[in-house]
1. Restricting to the stretch 8-56, name every residue that is within 12 Å of Ala121 (Cβ to Cβ), outside any loop (DSSP other than H, G, I, E, B) and of a type in the set (Asp, Glu).
2. With the structure loaded, tell me whether Met77 is surrounded by 13 or more Cβ atoms within 10 Å (Cβ to Cβ), of a type outside the set (Ser, Thr, Tyr) and touching an Asp or Glu at 6+ places or on another chain (Cβ under 7 Å) or whether it fails that test.
3. Of all residues in the stretch 105-125, count the ones that are in contact with a helix residue (DSSP H, G or I) (Cβ under 9 Å, 6 or more places away or on another chain) and farther than 12 Å from Ile25 by Cα.
4. Quick check on the stretch 84-116: of everything there that is of a type in the set (Asp, Glu) and either without any contact (Cβ under 8 Å) to a residue 24 or more places away in the chain or touching a strand residue (DSSP E or B) at 6+ places or on another chain (Cβ under 9 Å) (or both), which residue is surrounded by the fewest Cβ atoms within 10 Å (Cβ to Cβ)?
5. Kindly indicate which of Lys83, Lys64 is farther than 18 Å from Gln31 by Cα, basic (Lys, Arg) and assigned to a helix (DSSP H, G or I).
6. Only residues that are surrounded by fewer than 13 Cβ atoms within 10 Å (Cβ to Cβ) and under 16 Å from Arg33 (Cα atoms): list them for the stretch 49-71, please.
Amino acid sequence: MSESSSTLDQAWLARAVVADSPEAIVVTDPQGRIDLWNAGAANMFGYSAEDALGASLDLIIPVKLRDRHWRGYEHTMETGVTKYGDTLLGVPATHQDGRQLSIEFSVALLRDDAGTIVGIAAVMREVSERRATEKALRARLAEAERTVTALHAKVADLTNRVTRPTMSVQGWSEQPCTTTSFDA
């Protein structure tokens with residue numbers, strides 16, 4: 001296989017992976033406009049590629065998080081540094097129909113041959129169901145911990161109420177029985 005056909009195969013492979021990935025793959029330019037929106041993104045967020053291409057990421061960012069998002073985005077564009085390059089980030093996102101999604105994603109800074117950042121690629125997976133399950137499990141665990149704490153308190157209270165056996169010798173006051181060592 002010649003070098004040029006190998007390059008062509010690599011390009012085809014990259015396009016096929018992006019196009020057919022069930023994960024959302026989104027690429028934005030330095031201003032946060034969407035340049036690539038694969039079928040996984042369309043399925044996850046409800047917007048077609050035609051609706052998303054050229055639009056701002058505000059399309060999927062919840063309103064209350066936009067200021068924070070854009071401060072971080074602009075900082076990354078200015079400095080070329082992101083703390084999320086090798087970290088999986090979990091955040092809320094918004095579907096086209098308005099419902100909130102829980103997503104996890106990683107990002108890659110895209111640089112041209114001169115090293116200038118020309119965009120950011122994000123690979124995202126929706127984890128709403130898993131997050132809901134984790135939240136329910138945390139609530140059950142907290143309830144179990146409260147129950148155990150209450151049971152410990154009841155046991156301690158009962159232990160404090162238990163009377164120790166006493167012994168009375170005529171003329172002596174009642175004293176609790178204690179173990180005595182008769183070793184001399």
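The values are calculated or read from the model by the stated rules, or taken from the named source; none is laboratory data. Just so you know, these numbers come straight off a predicted model, no measurement behind them. Cβ sites come from the backbone with ideal geometry, for glycine too, and all protein chains shown count toward neighbours. These area figures cover heavy atoms from the full protein model, side chains too; ligands, DNA and RNA do not enter into them. Shrake-Rupley method; radii C 1.70, N 1.55, O 1.52, S 1.80 Å.
1. Asp35
2. no
3. Result for the stretch 105-125: 2.
4. The qualifying residue surrounded by the fewest Cβ atoms within 10 Å (Cβ to Cβ) is Asp113.
5. Lys64
6. Glu50, Gly54, Asp67, Arg71
A quick yes/no check of all residues on (1) modelled with pLDDT of 75 or more; (2) open to solvent by less than 100 Å² (accessible area, probe 1.4 Å):
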{"site": "Glu134", "(1), (2)": "no, yes"}
{"site": "Ala142", "(1), (2)": "yes, yes"}
{"site": "His152", "(1), (2)": "yes, no"}
{"site": "Asp157", "(1), (2)": "yes, yes"}
{"site": "Arg164", "(1), (2)": "no, no"}
{"site": "Met167", "(1), (2)": "no, no"}
{"site": "Ser173", "(1), (2)": "no, yes"}
{"site": "Thr178", "(1), (2)": "no, no"}
